[in-house]
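S.K.: The structure is given below, and queries will be raised subsequently.
The values are calculated or read from the model by the stated rules, or taken from the named source; none is laboratory data. Because the structure is predicted, anything quoted here is derived from the model rather than measured. With ideal geometry, Cβ positions are generated from the backbone for all residues, glycine too; neighbour counts draw on all protein chains shown. For the accessible areas, the whole protein counts, side chains as well, though only heavy atoms, and no ligand, DNA or RNA atoms are used. Shrake-Rupley method; radii C 1.70, N 1.55, O 1.52, S 1.80 Å.
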Amino acid sequence: MKNIVKGLAMVALVFMASCASQPSLQEYYVDNMENPNFIALDIPVSILKMEEVELTNVQREAVESLRKFNLLAFKKTSENVAEYKMEKAKVKEILKNEDFVELMKINSQYGKGVIKYLGEDDAIDEVIIYGDSKEQGFALVRVLGKNMNPAHIVQLMQAIQKSEYKGEGLGEIGKFLKG
């Protein structure tokens, strides 16, 4: 009986250690929401004002599959360069998790990034957009929805372009994202 209890205790310790070794993206968000180097914002889909835009049926379906956006941005300054490098490494390590499926890489004049998702190919639960700039810092956007699919991402981007949304209502993070 003692051996069984010892065995179960060891299994529990190993399980807890493996779970604690790498935080989830959601845990990372929660852990850094109060950090003064970060800007955090939960945004409802309604902020995009898509009901005022003429959309195709596919674009409307893409918009309706969204629930909300979680934004977390690290604003780099001359005083926090070491923390920026450390936090950037943490995020990249989290995004290496095999549960995240890479959809596309981004390389623009503003910096580099990646779009990944969690879920099945035809029923995505979460899209993660990560981008970093050596001058500005980095940003993580969690797009939460229900039964999104990869085609929805492209349609959603086209719909947002049609809306001519300029970041109204985003406050400080809107200025950060614009550079």
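S.K.: Within the range 102-113, can you find the residues that are open to solvent by 50 Å² or more (accessible area, probe 1.4 Å) and either among the hydroxyl-bearing types (Ser, Thr, Tyr) or not in a loop (DSSP other than H, G, I, E, B) (or both)?
M.R.: Residues satisfying the conditions are GLU102, LEU103, MET104, LYS105, ILE106, ASN107, SER108, TYR110, LYS112.
S.K.: Just to check your reading of the model, which residue among GLY174, GLY137, GLY145 is at pLDDT 70 or above, more than 16 Å from ILE115 (Cβ to Cβ), open to solvent by less than 20 Å² (accessible area, probe 1.4 Å) and not aliphatic (A, V, I, L, M)?
M.R.: None of the others qualify; the one that does is GLY137.
S.K.: Considering only the range 110-118, I want to know if a residue exists there that is over 22 Å from ASN80 (Cβ atoms), at pLDDT 90 or above and among the basic types (Lys, Arg).
M.R.: There is at least one residue in the range 110-118 that is over 22 Å from ASN80 (Cβ atoms), at pLDDT 90 or above and among the basic types (Lys, Arg).
S.K.: Any residue that is β-branched (Val, Ile, Thr) and either open to solvent by less than 30 Å² (accessible area, probe 1.4 Å) or touching a helix residue (DSSP H, G or I) at 6+ places or on another chain (Cβ under 8 Å) (or both) - is there at least one of those in the range 69-88?
M.R.: no
S.K.: Would it be correct to say that VAL11 is part of a helix (DSSP H, G or I), at pLDDT below 80 and more than 30 Å from MET86 (Cα to Cα)?
M.R.: In short, yes.
S.K.: Any residue in the range 57-69 that's farther than 16 Å from SER46 by Cβ and assigned to a helix (DSSP H, G or I): show its pairings with residues that are open to solvent by less than 70 Å² (accessible area, probe 1.4 Å) and not hydrophobic (A, V, I, L, M, F, W, C) at Cβ separation under 8 Å, as long as the two are six or more apart or on different chains.
M.R.: What qualifies is VAL58/GLN155; GLN59/GLN155; GLU61/HIS152; GLU61/GLN155.
S.K.: Can you list residue pairs whose Cβ atoms sit under 8 Å apart, with the first residue in the range 78-96 being assigned to a helix (DSSP H, G or I) and the second being surrounded by 10 or more Cβ atoms within 10 Å (Cβ to Cβ) and among the small types (Gly, Ala, Ser)? Count only pairs 6 or more apart in sequence or on different chains.
M.R.: TYR84/GLY137; ILE94/SER24
S.K.: With respect to the numbered conditions (1) in contact (Cβ under 8 Å) with a residue 24 or more places away in the chain; (2) touching a Gly at 6+ places or on another chain (Cβ under 8 Å), which one is the sole condition not fulfilled by ASP42?
M.R.: Single failed check for ASP42: (2).
S.K.: While we're on this one: Being in contact with a Leu (Cβ under 7 Å, 6 or more places away or on another chain), at pLDDT below 85, open to solvent by 10 Å² or more (accessible area, probe 1.4 Å) and more than 30 Å from PRO23 (Cβ to Cβ) is the requirement here; does VAL63 meet it?
M.R.: So VAL63 fits the description; yes.
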